[in-house]
Amino acid sequence: MTRGVWKIGLCTFAAIMMGFLLLPIVSLVVTIGWDEFAAGVTHESVWPALKLSLLTTSVSLVVVVGFGTPLAWLVSQRENSRLVQWLETMMRLPAVLPPAVAGVALLLAFGRSGLLGDFFLGFGISIPFSTMAVILAEIFVSAPFFLQAATEAFRRVDQSQLLVARSLGASPSRVFLRIAIPLALPGLIAGAAMSWARALGEFGATVMFAGSLPGKTQTLTLLVYHQNESNPEVAQAISIVLVIVAFVLLFSVSRLSQGKRNDYR
């Protein structure tokens, strides 16, 4: 096979794949007029869902970053351990679970008849079909994206700098907070952005564990699903907004990663 034929073949397959990926996005944008889009994003049901989405994804992000950063640091420092390999697999597992399985698992853990159901009911707390259920579902499905990015970011930190700091008497906490985190910060930010985007787009586990109660558990993604039957223009307008948010996040993460690679050169 000549170089020309090989190049044409590669470009053809690449164009078909890229065209397939772009066609639904393009169709989403070009099949709605500006007036319909404006009416859709200003629909009365959008604002409560937007407020709830911003609240729950912000809380879930704080929890994921706050508790996930120490976990990622510990895992990154013990790369060759058999236990760490198991931990990394379990950390990534929620990302590949079918949404229905994630929803059932959350119900069996935090539902009224779940493992911790009686414990919470003893304090008068019922988690399923509440705003807390939305937050827990978003934490469960979005945490792997931050954990994987944070672990890889910590592993890219120059270990010699950490060793020098320790040899000069820096405490483990100081090495972690003053050296490791600043050096790994671009990766941490990228992971946080991906985690937040995944939480914003969460649907399956949320609808099973939290339901879709307007103003209480109905996020933007759930609103798209319910409006698609009665008000498809509203669903399409919200979908476009979510696509724009996702694109901006992905593009920003890509630029951040590119800048970090340039720093290494």
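Bear in mind these aren't lab numbers, they're just calculated from the coordinates by the rules spelled out. Predicted model only: the values in this text are computed from it and were never measured. Note: ideal-geometry Cβ built from the backbone for every residue, glycine included; neighbour counts use all protein chains shown.
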- So for Val26, Val241, fewest C-beta neighbours within 10 Å to most, what's the order? Val26, Val241
- Message: If I model a spin label at Ala246 and Ser167 as a point 7 Å from the Cα along the Cα→Cβ vector, what separation in nanometres do I get?
- Response: 4.9
- Loop-only check: which trypsin sites (Lys or Arg not before Pro) in the stretch 66-114 are DSSP coil with at most 13 other Cβ within 10 angstrom? Arg78, Arg112
- So for Phe145, Phe120, fewest C-beta neighbours within 10 Å to most, what's the order? Phe120, Phe145
- Task: Report the extension gain between Arg156 and Arg78 in nm, rounded to one decimal, defined as 0.36 nm multiplied by the number of residues separating them, less their alpha carbon distance.
- Result: 26.7 nm
- Query: If you take the beta carbon distance between Leu21 and Asn228 as r and set R0 to 25 Å, what does 1/(1 + (r/R0)^6) give as a FRET efficiency, to the nearest 0.05?
  - Reply: 0.70
- Item | Three-way shape call for the stretch 155-239 based on the alpha-carbon gyration tensor, with the a/c threshold at 1.5 | prolate
- Query: Which one of Ala205, Ala38, Ala153 has the biggest mean-square fluctuation once the chain is modelled by GNM with Cα springs under 10 Å?
  - Reply: Ala38
- Rounded, prolate or oblate: which one fits the chain, using the alpha carbon gyration tensor with axes a ≥ b ≥ c (rounded when a/c is under 1.5, else prolate when a/b beats b/c, else oblate)? oblate
- To the nearest 0.05, the calculated FRET efficiency linking Thr2 and Val29 through their beta-carbon distance, R0 being 35 Å, is 0.35
- Item | Whole-angstrom gap from the stretch 155-232 to the stretch 1-39, using each part's C-alpha centre | 30
- Message: Can you list the DSSP H helices in the chain whose Cα atoms extend at least 15 Å along the helix axis and whose mean Kyte-Doolittle hydropathy is 0.5 or higher?
- Response: 3-30, 46-76, 99-110, 131-155, 181-200, 232-264
- Rounded to the nearest 500 deg cm²/dmol, what is the calculated helix-only ellipticity per residue at 222 nm for the chain, with -39500 (n - 2.57) per DSSP H run of length n ≥ 4? -25500 deg cm²/dmol
- Note on the structure: Per the rule of 0.36 nm per residue minus the C-alpha distance, extending Leu10 to Val62 adds in nm 14.4 nm
- Message: To make sure I understand, if each residue's beta carbon is the centre and we count other beta carbons within 10 Å, what order do Trp196, Trp86 fall in, fewest to most?
- Response: Trp86, Trp196
- Note on the structure: Checked the stretch 1-140 with the C-alpha gyration tensor, a ≥ b ≥ c its square-rooted eigenvalues, rounded below a/c of 1.5, otherwise prolate if a/b is larger than b/c and oblate if not; verdict oblate
